[in-house]
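This report refers to the structure that appears directly beneath it.
None of the figures in this text is laboratory data; all of them are computed from the coordinates on show. It should be emphasised that the depicted structure is a prediction, and the values quoted were computed from it without experimental measurement. So basically every Cβ, Gly included, is an ideal-geometry build from the backbone, and we count neighbours across all protein chains shown.
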Amino acid sequence: MLRHFPQLNGSYHHKKRDYFIAAFTFLCVAICLLSDANAPIEKQNALGVCGWVFLLGLLLGEPFEVRVQVGIAVIFATIGEHFASPYMGGYTYRFGNVPAYVPPGHGMVYLTAVALARSGLFLRYAREIAAFVVLVCGAWSLWGISGIPDQGDAVGAMLFCVFLAYLFKGRSPMVYLAAFFITTWLELIGTAVGTWKWAAIDPVLGWSQGNPPSGVAAWYCLVDAVALGGAAPAMNGFKNLHEWVKSTKSRKNAYQGAGSE
């Protein structure tokens, strides 16, 4: 069950860059969502510009593969946001839109999960952190279906089970584990200040749903899985396209050279 977890007693190095990315994103998420709580649409757009600047700046020091992963995460998450929020109504932003800062925000959130997943702290204490996450999220899910809170959370309990599958069956458990922290952070802040609100009843399943659902990290893990799985095919596609353009250009130059003779 833990075959994809880091080896016990391994020698893992701490890199300041990984912790900087995480700390910077956690801070940016809090400032952005608190700023947007009562902001006009113009400020949302300005926050979006800042988000893209920050994301591009953070990507400067990342390898090409991670940049491709982030690009896929942004595209997939943005499509998912428009489908799940304005179209399906699973949750609703203040203006009924998808704020401009959401696409780059997803990129920063994914990059943070990757940075924490490769950090010495998470690699060294992977099992302890996993136990903590399972206990906390599990207790949260049980609370949601206990009948004690006014708003039930059957969807959250289901998503918690999905999250466990990602964590213990997926090939990148450290990314999913790290995603729990940054996504729970942003969901708790965003819903607390009213930046968005989850529907009390899920529009697809018809089940009760918390605000936010306890297992909400599972949705972000889906984005992570698509980014991780789609990077290699995308990179091969870029390579094939580059070779095709290069060969086409070479043939064109050869034809021109033959014609001039």
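Couple of notes before you dig in:
- If the Kirkwood radius is taken over C-alpha pairs of region 106-261, then at 10 °C and 1.306 mPa s the Stokes-Einstein diffusion coefficient equals 88 µm²/s.
- Three-way shape call for region 1-111 based on the alpha-carbon gyration tensor, with the a/c threshold at 1.5: prolate
- Once C-alpha pairs closer than 8 Å and six or more residues apart are averaged by separation and normalised to the residue number of the chain, the relative contact order reads 26 percent.
- What the Kirkwood sum gives for the chain is a hydrodynamic radius of 19.9 Å, with every pair of different alpha carbons counted.
- Each Lys and Arg adds +1 at its Cβ and each Asp and Glu adds -1 at its Cβ; summed about the Cα centre, region 1-160 shows a dipole of about 540 debye.
- The simple spin-label model puts a point 7 Å past each Cα toward its Cβ; for ALA139 and ALA30 those points are separated by 2.2 nm.
- Long hydrophobic helices in the chain: the complete DSSP H runs spanning 15 Å or more by Cα along their own axis with mean Kyte-Doolittle hydropathy of at least 0.5 are 16-36, 41-59, 64-82, 102-117, 126-144, 154-169, 173-192.
- Listed by Cβ neighbour count within 10 Å, with the fewest neighbours leading, LEU121, LEU27 appear as LEU27, LEU121.
- Likely footprinting exposure, LEU2, LEU159, fewest C-beta neighbours within 10 Å first: LEU2, LEU159
- Taking 0.36 nm per residue of separation and subtracting the current Cα-Cα distance, fully stretching the chain between MET235 and ALA46 would add 64.8 nm.
- FRET efficiency for the ILE148 to LEU2 pair, using the beta carbon distance and R₀ = 41 Å, is estimated at 0.80.
- Sorted ascending by nearby beta carbons within 10 Å, beginning with the fewest, THR78, THR92 become THR92, THR78.
- Pair-distance distribution P(r) for region 1-57, from all Cα-Cα distances in 10 Å bins starting at 0: 18, 33, 22, 17, 9, 0 percent.
- Reachable aspartates and glutamates from LYS169, criterion Cα separation under 17 angstrom, eight or more residues apart if same chain: ASP224
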